[in-house]
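Okay, structure first, notes after.
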Amino acid sequence: MPRPDSAAPGDGQARSAVARQFRRAEHGLYVAVAVALAAAAAILFAQVLVEFGRNVLADDDALSEALLSLLDGLLLVFILTELLHTVTAVVSENVLSTEPFLIVGIVAAIRRVVVATAEAGEAGGPRFDDLMVEIGVLFAGVVALGLTIFLLRHTSRPEPVPAHEPGSEGDGGGA
């Protein structure tokens with residue numbers, strides 16, 4: 001039985017070639033996801049603006065509801081844009097960072113708080129109590145995510161770099 005460290009001379013080259021192909025496939029999928037996110041964000045942005053225009057023109061008394069719907073839609077567009085930014089960073093820098101996903105979580109929680117706050121204004125009884133609990137949990141989530149971002153920015157230990165990444169110890173570049 002051959003020892004793992006005594007592989008045939010061509011095995012390292014074959015593994016390297018396969019790894020390059022997988023990295024190309026991964027890169028292609030990231031680009032496809034970026035294109036889909038950009039298209040979704042653009043379509044949603046246009047839809048939100050058209051819907052806002054219709055709501056304002058349809059009923060003068062519903063301006064506050066139209067503005068709330070606009071804000072909700074624009075926050076969703078912002079979430080898609082932040083995800084697009086993250087995928088773009090992955091494609092251009094070949095690094096997957098944690099912080100943008102935490103920011104998306106904060107924006108999503110704030111988006112829900114805005115909607116829940118509007119619903120609470122019209123709710124009563126047990127529904128109001130449920131909304132207050134939901135807002136409290138969302139607030140705690142925002143604080144936890146914000147604290148996580150703070151800790152990530154102020155830690156002296158960076159995220160680990162996989163061996164196949166440029167700059168890792170495995171490629172001779174050192175960490």
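Would you kindly derive the ³J(HN,Hα) couplings of region 109-116 from the backbone phi angles with the Karplus curve 6.51 cos²θ - 1.76 cosθ + 1.60 (θ = phi - 60°), listing them in order in whole Hz, with x for Gly and Pro?
Taking θ as phi minus 60°, the curve returns 5, 5, 4, 5, 4, 4, 5, 5 Hz for region 109-116.
Give the residue from Leu83, Ile103, Gly73 lying farthest towards the positive end of the charge dipole for region 67-127; charges sit on Cβ (+1 for Lys and Arg, -1 for Asp and Glu) and the dipole is referred to the Cα centre.
Comparing the listed Cα positions along the dipole, Gly73 ranks first.
Work out how much length Leu147 to Thr98 would gain on full extension: take 0.36 nm times their residue separation and subtract the Cα-Cα distance, in nm to one decimal.
Details: separation 49, 0.36 × 49 = 17.64 nm, distance 1.32 nm.
Result for the pair: 16.3 nm of gain on full extension.
About its Cα centre, how strong a charge dipole does region 11-96 have in debye, to the nearest 20, once Lys and Arg get +1 and Asp and Glu get -1 at the Cβ? If you can, show how the numbers build up before the last one.
On the way: 5 positive and 10 negative charges, 172 e Å.
Computed charge dipole of region 11-96: roughly 820 debye.
Apply the Karplus parameterisation 6.51 cos²θ - 1.76 cosθ + 1.60, with θ equal to phi minus 60°, to every residue of region 89-103 and state each ³J(HN,Hα) to the nearest whole Hz, in sequence, with x for glycine and proline.
Calculated HN-Hα couplings, in order: 5, 4, 5, 7, 10, 6, 9, 9, 9, 7, 4, x, 5, 5, 5 Hz.
Going 7 Å from the Cα of Val50 in the Cα-to-Cβ direction, what parts of region 77-108 have a backbone nitrogen less than 18 Å from that spot?
77
At q = 0.17, 0.23, 0.27 Å⁻¹, what log₁₀ I(q)/I(0) does a Debye calculation on the Cα points of region 11-96 give, no solvent, two decimals?
-0.75, -1.00, -1.17
Taken together, the values in this text are just the output of simple stated rules run on the coordinates, not laboratory data. Because the structure is a prediction, the values reported are computed rather than measured. Cβ: placed from backbone, ideal geometry, glycine included. Neighbour counts: every protein chain shown.
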